[in-house]
Amino acid sequence: MRRILVTGIAGQLGQELQQTLAPVGDVIGVGRERMDLTQPDAIRQAINEVKPDVVVNAAAFTAVDKAESELVLAEAINAIAPGIIAQECQKLHIPLIHVSTDYVFNGSQSQPYRETDPTNPINAYGKTKLEGEIAIQQNCQNHIILRTAWVYGVGGKVNFVKTMLRLGGEREEIRVVADQIGSPTCTADLAGAITQLIPKFTPEIAGIYNYTNSGVASWYDFAVAIFEEAKQLGWNLKIQRVIPITTPEYPTPARRPAYSVLSCGKISAVLGTYPPHWRQGLRNMLAELYTQTYESTNSIRR
């Protein structure tokens, strides 16, 4: 079986990948303790100790607003570390699958971004992720850079879905931005795509790809859908109203692209199937999260 090294195992995608990849390889997950991405020597040592057949880099500094004030740390993790991982993969003659972001674009388009469209990030997070992409392209021939967007999942501590559920349980009214458009993407579907890519990987398919769930939504649309689906499952929510607001009404340290929809035609041709709709991904995620929450509550009561 292939030895698959997965970085960022504490994150929501890293947790999902450990489960999803298990049927196709021997998964070795590493976190900060074994591979500190701010320490180049630690990166090299971990990769050479594991001697993997493929590396999936799911680790990133994803705190978009914090990246504005913690630029050195964001650069170390998002820009420098991927280049070092790429160098080691090149030495070992193994492929690297790296997860990137829609934030490499500025969001000024009104049609889905293709992999070949010009990049122009408008915040520090996007800039550091783009630098990481460039470092990989310069240092490892056999790479797949997988740009995704609006990621959420059952794993991890915080994401938009979990935040909405928490707020929806505390408040009757929530205000959510309605003028930023993208494609909510469930980690289960993203991890599934990565799992399908690994056996298909050849030098001929190396390059940049987009992968998100299909369909588009605003953050407001996404929030409304979360509450609709959660209520059907039986979540105990107080929420009565979701109020749409504009980006200027919810200022943040980092600017966000107004339009983050990615074209997934290229990846669909490789996988032989189009990504499932974001609403289906949300429904599946909430059902799993509800089961975990319900079982946990019952266990405490018992």
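The values are calculated or read from the model by the stated rules, or taken from the named source; none is laboratory data. Please read these numbers as outputs of a predicted model, since none were measured by experiment. Note: ideal-geometry Cβ built from the backbone for every residue, glycine included; neighbour counts use all protein chains shown. Just so you know, the surface numbers come from the protein's heavy atoms only, side chains and all, with ligands and any DNA or RNA stripped out. Shrake-Rupley method; radii C 1.70, N 1.55, O 1.52, S 1.80 Å.
Look at the stretch 156-188 and say how many of its residues are under 30 Å from THR202 (Cβ atoms) and assigned to a loop (DSSP other than H, G, I, E, B). Give the derivation first.
Of the residues in the stretch 156-188, the ones under 30 Å from THR202 (Cβ atoms) are 183, 185-188.
So of that shortlist, the ones also assigned to a loop (DSSP other than H, G, I, E, B) come out as 183.
Matching residues across the stretch 156-188 total 1.
Condition first: within 30 Å of VAL242 (Cα to Cα) and either of a type in the set (Phe, Trp, Tyr) or buried (at least 17 other Cβ atoms within 10 Å of the Cβ) (or both). Now tell me which residues in the stretch 206-215 satisfy that.
First pass over the stretch 206-215, keeping only residues within 30 Å of VAL242 (Cα to Cα): 211-215.
Those that are within 30 Å of VAL242 (Cα to Cα) and either of a type in the set (Phe, Trp, Tyr) or buried (at least 17 other Cβ atoms within 10 Å of the Cβ) (or both): TYR211, THR212, ASN213, SER214.
Assuming ASN78 fulfils every condition listed in (1) farther than 26 Å from THR185 by Cβ; (2) in contact (Cβ under 8 Å) with a residue 24 or more places away in the chain apart from one, which condition is it?
Single failed check for ASN78: (1).
Can you pull out every residue in the stretch 1-51 that is in contact with a strand residue (DSSP E or B) (Cβ under 6 Å, 6 or more places away or on another chain), among the β-branched types (Val, Ile, Thr), closer than 16 Å to PRO199 by Cα and touching a residue at least 60 places away in the same chain (Cβ under 8 Å)?
Residue satisfying the conditions is ILE4 alone.
Does THR247 meet the test of being more than 24 Å from ILE9 (Cβ to Cβ) and of a type outside the set (Gly, Ala, Ser)?
On the way: more than 24 Å from ILE9 (Cβ to Cβ): yes; of a type outside the set (Gly, Ala, Ser): yes.
For THR247, the condition - more than 24 Å from ILE9 (Cβ to Cβ) and of a type outside the set (Gly, Ala, Ser) - is met.
Rundown of residues vs (1) at pLDDT 95 or above; (2) farther than 25 Å from ILE226 by Cβ; (3) under 17 Å from the mean Cα position of the chain (by Cα), yes/no style:
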position	(1), (2), (3)
ASN106	yes, yes, no
ARG114	yes, yes, no
ASN120	yes, yes, no
TYR125	yes, no, yes
THR128	yes, yes, yes
ILE134	yes, yes, no
HIS143	yes, yes, no
VAL151	yes, no, yes
GLY156	no, no, yes
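Considering only the stretch 19-35, I want to know if a residue exists there that is touching a Pro at 6+ places or on another chain (Cβ under 6 Å) and buried (at least 16 other Cβ atoms within 10 Å of the Cβ). Outline the logic, then answer.
Keep residues of the stretch 19-35 that are touching a Pro at 6+ places or on another chain (Cβ under 6 Å), which gives none.
The answer is no; no qualifying residue exists.
Conditions tested, residue by residue: (1) aliphatic (A, V, I, L, M); (2) farther than 20 Å from GLY265 by Cβ; (3) open to solvent by 30 Å² or more (accessible area, probe 1.4 Å); (4) in contact with a Ser or Thr (Cβ under 7 Å, 6 or more places away or on another chain).
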position: GLY156; (1), (2), (3), (4): no, yes, no, no
position: PHE160; (1), (2), (3), (4): no, yes, yes, no
position: GLN180; (1), (2), (3), (4): no, yes, no, yes
position: PRO184; (1), (2), (3), (4): no, no, no, no
position: GLU204; (1), (2), (3), (4): no, no, yes, no
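With the requirement that a residue be closer than 13 Å to THR148 by Cβ and open to solvent by 10 Å² or more (accessible area, probe 1.4 Å), what does the stretch 189-202 give you?
Answer for the stretch 189-202, where residues must be closer than 13 Å to THR148 by Cβ and open to solvent by 10 Å² or more (accessible area, probe 1.4 Å): ASP189, GLY192.
Quick one: would you say VAL104 is closer than 20 Å to THR212 by Cα, of a type outside the set (Ser, Thr, Tyr) and open to solvent by less than 10 Å² (accessible area, probe 1.4 Å)?
Values: closer than 20 Å to THR212 by Cα: yes; of a type outside the set (Ser, Thr, Tyr): yes; open to solvent by less than 10 Å² (accessible area, probe 1.4 Å): yes.
Taking the combined requirement at face value, the residue satisfies it.
Among helices (runs of 4 or more DSSP H) lying entirely in the stretch 24-76, which contain 1 or more residues that are of a type in the set (A, V, I, L, M) and in contact with a Leu (Cβ under 9 Å, 6 or more places away or on another chain)?
Working: elements: 40-50, 64-69, 71-75.
Qualifying helices (runs of 4 or more DSSP H): 40-50, 64-69.
Could you look through the stretch 118-144, keep only residues that are part of a loop (DSSP other than H, G, I, E, B) and out of contact with any Phe, Trp or Tyr (no Cβ under 9 Å at 6 or more places or on another chain), and pick out the one that is nearest to ARG255 (Cα to Cα)?
Initial filter on the stretch 118-144 (part of a loop (DSSP other than H, G, I, E, B)): 118-123, 140-142.
The next check asks that each one be out of contact with any Phe, Trp or Tyr (no Cβ under 9 Å at 6 or more places or on another chain); those that pass are 140-141.
Working: CYS140: 31, GLN141: 33 Å.
Only one residue fits best here, namely CYS140.
Search the stretch 63-98 for residues being of a type outside the set (A, V, I, L, M, F, W, C) and closer than 13 Å to TYR125 by Cα, and hand back the single one that is nearest to the chain's Cα centre (by Cα).
Narrowing the stretch 63-98 to residues of a type outside the set (A, V, I, L, M, F, W, C): 65-66, 68-70, 75, 78, 82-83, 87-88, 90-91, 93, 95, 98.
Checking the rest, the ones that are also closer than 13 Å to TYR125 by Cα come to 65-66, 68-70, 75, 78.
Values: ASP65: 16, LYS66: 17, GLU68: 19, SER69: 22, GLU70: 20, GLU75: 18, ASN78: 13 Å.
Only one residue tops the list, namely ASN78.
Return yes or no: is GLU115 charged (D, E, K, R), open to solvent by 20 Å² or more (accessible area, probe 1.4 Å), within 24 Å of LEU262 (Cα to Cα) and outside any helix (DSSP H, G or I)?
The answer is yes for GLU115.
With the requirement that a residue be within 14 Å of CYS140 (Cα to Cα) and in a helix (DSSP H, G or I), what does the stretch 81-109 give you? Before the answer, list the steps.
Kept after step one, since they are within 14 Å of CYS140 (Cα to Cα), are these residues of the stretch 81-109: 81-98.
Once the filter is applied, which keeps residues that are within 14 Å of CYS140 (Cα to Cα) and in a helix (DSSP H, G or I), the stretch 81-109 yields ALA81, PRO82, GLY83, ILE84, ILE85, ALA86, GLN87, GLU88, CYS89, GLN90, LYS91, LEU92.
Here is a list: ILE43, ILE47, ILE97. Which entry is farther than 24 Å from THR202 by Cβ, surrounded by 19 or more Cβ atoms within 10 Å (Cβ to Cβ) and modelled with pLDDT of 95 or more? Walk me through it before giving the result.
Numbers: ILE47 fails: farther than 24 Å from THR202 by Cβ; ILE97 fails: farther than 24 Å from THR202 by Cβ.
Only one candidate qualifies: ILE43.
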